[in-house]
Amino acid sequence: MITINNVCKYFGDRKVLNDINTSFEQGKVNLVIGRSGSGKTVLMKCLVGLLTPDEGEILYDGRNFNLFSNKERQNIRTEMGMVFQGAALFDSMTVQDNVMFPLNMLTSQSWEEKLERVNVCLKRVDLVNSNNFFPAELSGGMKKRAAIARAIACNPQYLFCDEPNSGLDPKTALLIDELIIEITHEFDMTTVVNTHDINSFITIGETISYIHKGTLEWRGNMDNVMSSDNEKLNDFIFAQPLTQRIRNLM
Amino acid sequence: MIIKLLEIIGEYFLFLRKVFTKPYKGKVFFRRLIDEMDSMGVGSLLIVAIVSISMGSVITIQTAMQIESNWVPAWTLGFTVRTSVVMELCPTIISCLLVGALGSRISSEIGSMRVTEQIDALEVMGINSASYLVLPKIIASLIVNPILIIIGIFFALTGGYVTILITGVTSPYDFIDGLTSFFRMYDIVYVLTKTIVFAFVISSVSSFYGYRIEGGALELGKANVNGFVVASFLILTLNLVITQIML
């Protein structure tokens with residue numbers, strides 16, 4: 001479980017995260033939703049330590065991430081997997097080498113053991129026989145799936161996904177969502193997903209935190225996200241004509 | 001302006017501190033070192049050879065024109081060409097050339113990894129990205145650049161010799177006599193010192209500018225140019241300093 005207490009982040013004079021308090025539960029997909037520029041990615045970068053919050057604390061199972069030494073920080077990062085918005089696969093490596101990379105760096109397994117693990121992960125994300133492709137040869141959806149395979153290669157306790165289905169067609173986006181919720185339950189991970197995809201809210205949002213202009217405006221789950229009386233949340237969710245029609249039918 | 005300059009210098013030394021840490025996995029580091037040496041050495045060999053042959057030929061012709069006199073000993077041409085090529089032209093000109101060839105490649109590679117979040121991906125895995133990416137490049141250039149410069153010297157002197165054979169400005173025997181006259185071992189120490197310092201400047205400055213990119217493709221271009229300008233300026237300045245100290 002990840003707990004965020006009073007986290008604030010400034011860029012110069014601009015406050016991009018304003019007193020965020022929320023928690024992300026183990027074994028669940030925890031969504032962070034909000035408009036572009038609302039601070040979702042900054043919050044995720046604070047969670048994984050790529051940015052340091054100016055105020056507040058982030059607790060990993062009660063352990064304060066901000067107070068960790070460099071060594072402790074490196075150790076806890078070995079328990080994390082992250083899927084970046086653009087997948088962030090290493091261009092010069094094949095899919096197999098990309099997925100094997102964390103195993104090479106963080107474990108002392110033999111090559112056969114690592115290869116077996118790579119094949120298990122690639123099978124899990126439905127990328128069998130894609131071992132020798134380079135990232136440039138993959139479609140957007142395949143890149144995301146390869147990135148998920150790399151993120152789960154070391155059996156992480158915490159999985160972070162930044163806009164995992166941005167730029168994907170609805171069908172592929174749904175496949176990615178289903179994959180995320182399946183592996184979260186399968187490996188009992190604490191998964192945090194940044195998204196502004198409405199389909200994701202109602203398919204995988206086991207807990208949902210809505211951020212508006214750096215402030216946490218609403219917290220709930222997929223059952224009550226469509227029926228909330230929070231005006232800012234409703235403005236966000238029912239911005240599209242399709243969702244407005246659904247609302248009128250409700 | 002001065003404060004910004006001091007900030008960048010400070011940032012550079014903090015970056016170097018991050019780079020020079022014990023590699024996470026020795027085996028992975030060694031494999032990356034071999035890959036870097038291969039791409040740096042093989043990738044730059046052709047351009048170094050072309051520039052060196054051309055430089056050696058031109059210096060030979062120009063020097064022959066300047067010292068055309070019965071009062072000047074015949075071996076002077078070979079001696080002057082050797083001194084110019086070995087002591088100054090090859091180490092400095094080829095290093096400036098390598099700033100463009102190797103330096104741009106390094107800053108583009110690291111910069112595009114920054115822009116596409118590959119460096120963030122390394123950090124999230126708990127890997128020191130600066131050490132993983134940059135240390136093999138610096139060590140590889142410290143090994144490869146002196147070899148490239150020595151090969152460059154060989155090609156430049158060969159170019160000079162072939163020019164003598166074609167133009168007949170002096171006899172090949174006198175030219176070879178000049179090349180081998182008054183040879184000092186200290187000159188090799190001086191050349192290698194310069195080359196190693198320049199190699200460090202090229203790889204570390206280019207990596208630094210690539211690593212600190214914030215933004216997108218536009219910044220990548222700016223980082224390349226800044227890395228090139230700063231590394232070239234440092235090479236020319238250090239050339240003066242090392243020459244003053246060592247000669």
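The values are calculated or read from the model by the stated rules, or taken from the named source; none is laboratory data. It should be emphasised that the depicted structure is a prediction, and the values quoted were computed from it without experimental measurement. Reconstructed Cβ throughout: ideal geometry from the backbone, glycine too, with neighbour counts over all protein chains shown. The accessibility values were calculated without ligands, DNA or RNA, using every heavy atom of the protein model including side chains. Shrake-Rupley method; radii C 1.70, N 1.55, O 1.52, S 1.80 Å.
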*Considering every residue in A:101-109, what mean count of other chain Cβ atoms within 10 Å of its Cβ is obtained?*
3
*Where does the range A:150-249 land on Rg(C-alpha)/(2.2 N^0.38 Å)?*
1.14
*Exercise: per-residue mean of other protein chain Cβ atoms within 10 Å, A:91-99*: 1
*asked:* Expected output is a single nm value to one decimal: the length gained when fully extending between A:Ser110 and A:Thr203, i.e. 0.36 nm times separation in residues minus the C-alpha distance. What is it?
replied: 29.6 nm
*Report, as a whole number in µm² per second, the diffusion coefficient that Stokes-Einstein gives for the range A:55-120 at 25 °C and 0.890 mPa s using the Kirkwood radius over alpha carbon pairs.*
173 µm²/s
*Along the Cα-to-Cβ line of B:Ile245, 7 Å from the Cα, sits a label point; which residues in the range B:118-160 have backbone N less than 15 Å from it?*
none
*Summarise the accessible area of the range A:110-192 (1.4 Å probe, protein heavy atoms) by the percent that is carbon and sulfur.*
53 percent
*Does anything in the range A:29-67 have its amide N under 20 Å from the 7 Å Cα→Cβ label point of A:Lys213, and if so which residues?*
A:33-43
*At B:Arg31 and B:Phe182, where each label point lies 7 Å from the Cα along Cα→Cβ, what is the point-to-point distance in nanometres?*
5.3 nm
*Could you list log10 I(q)/I(0) for chain B at q = 0.14, 0.15 Å⁻¹, which the Debye formula gives when each Cα is one point scatterer?*
-0.92, -1.01
*Quick one: order B:Asp38, A:Asp177 from most to least accessible surface, probe 1.4 Å.*
B:Asp38, A:Asp177
*With Cβ to Cβ distances under 14 Å as the rule, what net charge do the other residues near B:Asn224 carry (K, R +1; D, E -1)?*
+2
*When ligands, DNA and RNA are left out and all protein chains stay put, how many square angstrom of accessible area per residue does the protein assembly as shown have with a 1.4 Å probe?*
47 Å²
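Starting from the Cα gyration tensor of the range B:1-75, take the square roots of the eigenvalues, sort them a ≥ b ≥ c, and report rounded, prolate or oblate (rounded when a/c is under 1.5, otherwise prolate if a/b is larger than b/c, else oblate).
Oblate shape, in that a/c is at least 1.5 and b/c is the bigger or equal ratio.
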*What order do B:Arg114, A:Arg14 take when sorted by accessible area (1.4 Å probe), most exposed first?*
A:Arg14, B:Arg114
_What lysines does B:Lys22 reach when the alpha-carbon gap must be under 28 Å and sequence neighbours fewer than 8 apart in one chain are set aside?_
A:Lys45, A:Lys71, A:Lys114, B:Lys137, B:Lys194
*asked:* Can you give me the solvent accessible area of A:Arg247 with a 1.4 Å probe, rounded to the nearest 10 Å²?
replied: 110 Å²
*Going by a 1.4 Å probe on protein heavy atoms, which residues of the range B:91-139 end up with at least 30 Å² less accessible surface in the whole assembly than in their chain alone?*
B:Glu117, B:Gln118, B:Asp120, B:Ala121, B:Glu123, B:Val124, B:Met125, B:Gly126, B:Ile127, B:Tyr132
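Output the antiparallel fraction of DSSP beta bridges having both residues in the protein assembly as shown, as a percent to the nearest 5.
On the way: 20 of 38 bridges.
Antiparallel: roughly 55 percent of the beta bridges in the protein assembly as shown.
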*Any idea how far apart A:Ser228 and A:Thr3 come out in nm if each label point goes 7 Å out from Cα toward Cβ?*
2.3 nm
_Please report the spacing between the Cα centers of the range A:170-195 and the range B:175-247 in Å, no decimals._
50 Å
*Local charge sum around A:Phe101 (other residues, Cβ-Cβ under 13 Å, Lys/Arg +1, Asp/Glu -1)?*
+4
_Convex hull volume of the protein assembly as shown per residue (C-alpha atoms, cubic angstrom)_ = 186 Å³
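Across peptide B:19-29, what mean number of C-beta atoms from other chains lies inside 10 Å of a residue's C-beta? The partial results should precede the final answer.
On the way: counts 0, 0, 1, 0, 0, 4, 4, 0, 1, 3, 0.
Other-chain Cβ atoms within 10 Å of each residue's Cβ, averaged: 1.
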*At q = 0.20, 0.21 Å⁻¹, what log₁₀ I(q)/I(0) does a Debye calculation on the Cα points of the range A:1-152 give, no solvent, two decimals?*
-1.22, -1.26
*Among DSSP beta bridges whose residues both lie in chain A, state the antiparallel percentage, nearest 5.*
55 percent
*Rounded to the nearest 0.05, what FRET efficiency is calculated for B:Ile47 and B:Glu214 with R0 set to 35 Å and r the Cβ-Cβ distance?*
0.65
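Rounded to the nearest 100 Å², what's the accessible area chains A and B bury against each other, both chains counted, probe 1.4 Å? Spell out each step's value before the answer.
On the way: alone 12140 and 13110 Å², together 23460 Å².
Interface area, both chains combined: 1800 Å², rounded to the nearest 100.
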*Per residue of the protein assembly as shown, what 222 nm ellipticity follows from adding -39500 (n - 2.57) for every DSSP H run with n ≥ 4, rounded to the nearest 500?*
-19500 deg cm²/dmol
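Could you tell me what percent of the accessible area of chain B is made up of carbon and sulfur, with a 1.4 Å probe and every protein chain present?
Numbers: 8820 of 12180 Å².
C and S atoms contribute 72 percent here.
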*Sticking with the crude label model, points 7 Å out along Cα→Cβ, report the distance from B:Leu192 to B:Ile67 in nm, one decimal please.*
2.7 nm
*Could you name every residue in the range A:59-86 that has 50 Å² or more less accessible surface in the full protein assembly than in its own chain alone (probe 1.4 Å, ligands and nucleic acids excluded)?*
A:Gln74, A:Arg77, A:Phe84
